[in-house]
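Note sheet for the following structure.
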Amino acid sequence: MQLAIRRFWSTSCFHLLKRSNIFIFVFFFLLFFFFFFSISNKPLRFNGLSFLVFSLTAQPQQQTSQIQKQVKMQVGHFPSMQVIARVIVDLFYIQNKLTLCLFLVGPKVVYVPPPPPEEESSIFSHYASGINFDKYDDILVDVSGSNPPKAIMTFDEAGLCESLRKNVTKSGYVKPTPVQKHGIPIISAGRDLMACAQTGSGKTAAFLLPILQRLMADGVAASKFSEVQEPEAIIVAPTRELINQIYLEARKFAYGTCVRPVVVYGGINTGYTIREVLKGCNVLCGTPGRLLDIIGRGKVGLSKLRYLVLDEADRMLDMGFEPDMRKLVGSPGMPSKEDRQTLMFSATYPEDIQRMAADFLKVDYIFLAVGVVGGACSDVEQTIIQVDQYSKRDQLLELLRSTGNERTMVFVETKRSADFIATFLCQEKMSTTSIHGDREQREREKALSDFRTGQCPVLVATSVAARGLDIEQVQHVVNFDLPSSIDEYVHRIGRTGRCGNIGRAVSFFNPESDTPLARSLVKVLSGAQQEVPKWLEEIAFSAHGTTGFNPRGKVFASTDTRKGGSFKTDEPPQASAPSPAAAADDEEWE
């Protein structure tokens, strides 16, 4: 860095002064000054190692000399132009070094989230079940595995302690949903579980209630400050927003008990996270990256771990997340799968993911399928509109104007599109916010808060908000860009029509890019008793998709793979892969 600065003053400045061109000199001096001033506003963590790496990675002087020679050939024999060009080359040289240094040391994360609410009314806030809640009783349930426990019909049969029963009542739970009726007794019996149920069907309570009940029944010690915490349960989810939501649910059910849940995820100050964990931790909720980090720092021990829960397990085990999950279960002190209870929940389970998940489960695990596996909720009215790429914005604007101030989530495939569409809608006088992986954690939480409260009734999002988020009164979902995966489509439209409430999902179908999804869309629509457009059936019939075409058949349904599965097709099975947006976002990492 010092060498680069000396070169600047000894060459560029010398030539400028020699030619007495004071105006050019002042111009580039100010340019140089403001360049450093703009960089100095960024909080840095400089240390000796950073400067050592910075020095060792400096480019050879010959490279800059070659650039200068090329510039000289272009500007010819105009001395003033040569001076200007050489100064510009020097500035780019210094900028390159400083950019590398900024990349190595990185900005310091200083954000500390606001404390969660302490008032009982806020902790137990909930929204009422919809008019179709009783239809859950008619959903078919398939339980596979040896000697599965008998299902419960009421929460009284769950054997919950007095504190948990009170908290369930305060939460507004009247009767268990199908996944809770079967999941609670299975977990209470100590069996490993792979559960697949429709979005918004109560999967979180299905694993939290029996875990908390068992911990309290076994007399778990009240958590207290310690330099190394040893939680009894770890819950993993793929996104920060989802894991924070699970934490708030755990905090709600554990209210008034000795069990202390803690949440860890990226984007917030590490010191703050560690301090919260060291205060005491019975149930640790986290994203994979931050869990591995805090375990690697020696702040969390795993010797007492009894429960490992993977929410949105299909995403946790796909090609982008599997290595980290295997690293987590292989961490020092982690009990083997025979010595812990492993639970997996999701709304979709491709067969290859099922086979992969078996590596984490005991041999006699139970497979629970509620409704059509991988199917969409029938409470969501699905509409597919054929539109070309350049007409999507006008179509979206017309659609949103017809819905008024009803809460609407608009899904796009890329982060750039999220900000672009949000800006476009704001220019059209529509209160809109956006959320994606490149936004700071503070901004992501503010966007969700504005959407929840109705301050911004339109939320433009990438896949970060597609999974698990339970937001009250989301009436509409718009797929501005259809995802490449039908599983992702099911998760997206599942943000509405939750707990028996009615919702609406509108998807823009661009034949130039969305044709490979046509067959699966027809199957999803048919399985949810939705109208299938004639033009979509024609495209699906001629398309090369990933599933066989049978518009009146089941929705790419698979059952327990140990039974051979029920999915039959003439095409070879293909590995599940994350959608491009999901793979690109990496939204849970720091």
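Every number here is computed from the coordinates shown, using simple stated rules; none is lab data. Just so you know, these numbers come straight off a predicted model, no measurement behind them. Glycine also receives a Cβ, built like all others from the backbone with ideal geometry; neighbour counts cover every protein chain displayed.
Summary of computed values
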| read-out | value |
| --- | --- |
| Under 5 Å, built H, 5+ apart or other chain: amide partners of ASN479 | PHE411, VAL506, SER507, PHE508 |
| Highest-first arrangement of 388-398, 344-354, 207-217, where packing means the average Cβ count within 10 Å | 344-354, 207-217, 388-398 |
| Inter-label distance, nm, simple model (7 Å from Cα along the C-beta direction), LYS304/TRP535 | 6.2 |
| Relative contact order of segment 140-370, pairs being alpha-carbon contacts under 8 Å that are 6 or more residues apart, as % | 29 |
| Assigned charges on the beta-carbon of Lys, Arg, Asp, Glu; segment 218-361 dipole about Cα centre (debye) | 660 |
| Relative exposure of ARG326, ARG452, judged by other C-beta atoms within 10 Å (fewest first) | ARG326, ARG452 |
| Computed FRET value (nearest 0.05) for GLU162 with ASP138, which takes r as the C-beta separation and R₀ as 35 Å | 0.60 |
| Under 5 Å, built H, 5+ apart or other chain: amide partners of ILE235 | LEU284, CYS285, GLY286, VAL309 |
| Note, ³J(HN,Hα) from phi for segment 416-429, Karplus 6.51, -1.76, 1.60, rounded to Hz, x at Gly and Pro | 4, 5, 4, 5, 5, 5, 4, 5, 4, 5, 5, 5, 8, 6 |
| Computed FRET value (nearest 0.05) for THR169 with GLU512, which takes r as the C-beta separation and R₀ as 41 Å | 0.20 |
| Counting DSSP beta bridges with both ends in segment 140-370, the antiparallel % (nearest 5) | 15 |
| Protection proxy ranking, peptides 358-366, 278-286, 333-341, 111-119, average beta carbon neighbours within 10 Å, highest first | 278-286, 358-366, 333-341, 111-119 |
| Spin-label pair GLU118/ASP394, simplified geometry with 7 Å Cα→Cβ offset, distance in nm | 5.6 |
| Per-peptide average of other Cβ atoms within 10 Å, ordering 412-425, 252-265 highest first | 252-265, 412-425 |
| Sorted by Cβ density within 10 Å, fewest first, the residues ILE274, ILE502 | ILE502, ILE274 |
| Proxy reagent accessibility, fewest Cβ within 10 Å first, across SER223, SER121, SER331 | SER121, SER331, SER223 |
| Summed residue charge, Cβ within 14 Å of SER513's Cβ, Lys/Arg positive, Asp/Glu negative | -4 |
| ³J(HN,Hα) computed for each position of segment 342-358 - Karplus, 6.51 cos²θ - 1.76 cosθ + 1.60, integer Hz, glycine/proline x | 10, 10, 10, 9, 6, 9, 9, 9, x, 5, 5, 5, 4, 5, 5, 5, 4 |
| Net charge of Cβ neighbours under 14 Å - reference GLU157; Lys, Arg +1; Asp, Glu -1 | +3 |
| Calculated diffusion of segment 424-545, Stokes-Einstein form, Kirkwood radius summed over Cα pairs, 20 °C and 1.002 mPa s, µm²/s | 136 |
| Mean separation of Cα contacts under 8 Å (6+ apart) over length of segment 143-265, as relative contact order % | 27 |
